[in-house]
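Take a look at the structure set out below.
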Amino acid sequence: MGFSKAIRLLNLLCFTLLGAVCIVSQAAAQAPGYADIREPLGGEAIDRVVTIEGSASHPSFVSYDLSFAHSDNPTGTWFLIGDAVHTPVTDGRLGLWDTTGITDGFYSLRLRVHLSNNIMLESIVEGLRIRNSTPIETTTPQPDRISATPTITLPTRTPRPTPLPYPSGSDPSTVLRTFRSGIIAGVLVLLSLGIYLFIRRRSQERWAVLRMRQMLRSANRKKRR
């Protein structure tokens, strides 16, 4: 019974450690600044060819891609903007978006960063207003003695926080490697404990069989006498 409990405990600990590795990997990958669209901003009016700026980088970077969709997108359909890019970008131009062939309306812009560990980071800007054929919304002049000049209403540009560099020795990839090394060491210790308990159990069973045989032999000898 003690051996069975030890095996169940060993399995539980192994699954717990594997789950912890997955959680830490996901948390390290989602650190801010790895997938970020800085321009255009949500709610901004755009037309013609738009320059998309931001960051798409990570220690496990493989590629990134850009796509757009209608704001009202119940089917989850996205349209790619060009091909996937295999060069990381930090605070630079991610790509160009030609909106001249797109019907005016409200759209969402998406950036996806693909990593080597099958994790995908994502950043979405919503409420972009494409205005190629229709004029950009303006304020209505109010009657007054002096004719007010119509002004174009621009979206408020909210500054985004700049990701801070990680202190020396605390880079997510370094932390992750250290954590994985500790996990591997823990698993090896647990496996060693399981093997030890298994061998001990087998030895006890074998010793019990030998003692039983000796007792039977002694009983047979007494009967013969």
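None of the figures in this text is laboratory data; all of them are computed from the coordinates on show. Quantities reported herein were computed from a predicted structural model and do not represent experimental measurements. We place every Cβ from the backbone using ideal geometry, glycine too, and count neighbours over all the protein chains shown.
Listed highest first by mean packing, meaning other Cβ atoms within 10 Å per residue, what order do 109-116, 43-50 come in? Walk me through the numbers before you get to the answer.
Values: 109-116: 19.6, 43-50: 15.4.
Highest mean packing first, the order is 109-116, 43-50.
Would you please put 94-102, 62-70 in order of how densely packed they are, using the mean number of other Cβ atoms within 10 angstrom per residue and starting with the highest?
Put in order of decreasing packing, that is 62-70, 94-102.
How far apart, in nm, are the 7 Å Cα→Cβ label points at Met212 and Asp91?
Each label point lies 7 Å from its Cα, and together they span 7.6 nm.
Need one word for segment 32-138: rounded, prolate or oblate. Basis is the Cα gyration tensor (sqrt eigenvalues a ≥ b ≥ c); a/c below 1.5 gives rounded, then a/b vs b/c decides.
On the way: a/c = 2.21, a/b = 1.83, b/c = 1.21.
It comes out prolate by the Cα gyration axes.
Read phi for every residue in segment 201-217 and hand back ³J(HN,Hα) as whole Hz from Karplus 6.51 cos²θ - 1.76 cosθ + 1.60, θ = phi - 60°, with x for Gly and Pro.
In residue order, the calculated couplings are 4, 5, 5, 5, 5, 5, 5, 5, 5, 4, 5, 5, 5, 5, 5, 5, 5 Hz.
Please compute the length gained on full extension between Asp83 and Ser133, using 0.36 nm multiplied by the number of residues separating them and subtracting their Cα-Cα distance. Could you put the intermediate results ahead of the total?
Numbers: separation 50, 0.36 × 50 = 18.00 nm, distance 2.70 nm.
So the chain would gain 15.3 nm between Asp83 and Ser133.
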